[in-house]
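Everything below concerns the one structure shown next.
The values are calculated or read from the model by the stated rules, or taken from the named source; none is laboratory data. Note that the structure is predicted; figures quoted are calculated from it, not measured. FYI the Cβ positions are ideal-geometry reconstructions off the backbone, even for glycines, and counts take in every protein chain you see. Heads up: the accessible areas ignore ligands, DNA and RNA and are worked out on the full protein's heavy atoms, side chains in. Shrake-Rupley method; radii C 1.70, N 1.55, O 1.52, S 1.80 Å.
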Amino acid sequence: MKKTILTGIRPTGNLHLGHYFGACQNWVRLQDDYDFFLEIADVQALTDHFDQPEFVKKNVYELAIDLLSVGIDPKKTHLFIQSMVPEIAELTVFYSNLVTMARLYRNPTVKTEIAQKKALFGNDGESVTYGFVGYPVSQAADITALQGEVVPVGEDQLPLIEQCREIVRKFNHIYGVTLKEPEPILSPTPRIKGLDGNEKMGKSLGNAIYLKDDDATIAKKIMGAVTDPQKIKKDDPANPDVCMVYYYHKLLKNENLETVCQECKAGARGCVSCKKELIQKMEEFLAPYREKRAYYEAHTEEVTKVLMDSSQAARNKAQQTLQNVKQKMYIDYEKVS
Ligand code: TRP
């Protein structure tokens, strides 16, 4: 019996290289060895974007196409939409009694996000909704509904998994053993740097290279990359270790990496030609993704079918969980006890 994996992603934009190297590449590997449920967390995206529902819907499809194009295989993975499994919402309500407000406010992930909101919208707490503070509870429902045993996440998500484990323990303690305590696993490549030298690539940082970017956009982004500031002229020797172009040559596994490094150090390689070579490598790297994306864009009905079928499969499993939960909570009124 394969173990069950569950993870999720919020549909708030297209995939960029940070997602790819930090998470998706690992998911593609994991789908061979596990029963894999990959959730497009539209309900969770609405906790932040409730006033932009069209944006969330558009991104559900965009993300589905991105994920299928990086190699998520619908024959191996259930790529489902959170809101299409309403059992998750029902479980969220039941779990909400098992979590104190104080504990939610202490959750480091929530704490950081609230601080960001307050900085952005003012410090009166008016931007912090009940739904938002409660999203760890809903995430616990995601995981347990599908009986996830292993949850691949980034480090920032660990407090959410810990909170899920607490909910499971409390549920099992009060109502009798019903739910599984999930284990988190961290991605082998946690995060990648931006071309601007920032430690992280991200949409909000404005330094993301999207898998969907066209040639002209990619070229422009790479031409603007940060190189060794000590290097002024084309034939000045430079230090590749402080150069983002070299970092990306490494990331994309350029087979001439040794030459790139030697030439850079010797002043035998100008930054412009080094960037042009990287543009070439990036296009080679993106070619299989682009081919698949073109296919799915031309066959959107196939994407819809994957989402509908997978969501139904996820729902079938979540219904079993919900039935067990309700029975343990004495909310099974068809039986007179
Ligand atoms: N909170 C996760 C993120 O923002 C996404 C997510 C939703 C998730 N449901 C999940 C992750 C369940 C792991 C398990 O990245």
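Summary table below
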| item | result |
| --- | --- |
| Answer from 225, 287 - the residue that is free of Cβ contacts under 8 Å to residues at least 60 places away in the same chain, assigned to a helix (DSSP H, G or I), not polar (S, T, N, Q) and not assigned by TED's automatic domain parsing to the domain that holds residue 92 | 287 |
| Complete set of residues in the stretch 131-140 that are assigned to a helix (DSSP H, G or I) and more than 9 Å from the ligand (Cβ to nearest atom) | 131, 132, 133, 137 |
| Any hit, the stretch 2-12, residues being open to solvent by less than 20 Å² (accessible area, probe 1.4 Å), more than 12 Å from the chain's Cα centre (by Cα), of a type outside the set (A, V, I, L, M, F, W, C) and within 16 Å of the ligand (Cβ to nearest atom) | yes |
| Criterion violated by residue 91 - all others in (1) part of a helix (DSSP H, G or I); (2) in contact (Cβ under 8 Å) with a residue 60 or more places away in the chain; (3) within 23 Å of residue 32 (Cβ to Cβ); (4) aliphatic (A, V, I, L, M) satisfied | (3) |
| Given (1) of a type in the set (A, V, I, L, M, F, W, C); (2) without any contact (Cβ under 8 Å) to a residue 24 or more places away in the chain; (3) within 11 Å of the ligand (Cβ to nearest atom), number of the condition residue 121 does not satisfy | (3) |
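Residue-by-condition table, conditions (1) within 12 Å of the ligand (Cβ to nearest atom); (2) in contact with a Phe, Trp or Tyr (Cβ under 8 Å, 6 or more places away or on another chain); (3) modelled with pLDDT of 95 or more:
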position: 151; (1), (2), (3): yes, no, yes
position: 157; (1), (2), (3): yes, no, no
position: 167; (1), (2), (3): no, yes, yes
position: 173; (1), (2), (3): no, no, yes
position: 176; (1), (2), (3): no, no, yes
position: 192; (1), (2), (3): no, yes, no
position: 201; (1), (2), (3): no, no, no
position: 213; (1), (2), (3): no, no, yes
position: 234; (1), (2), (3): no, no, no
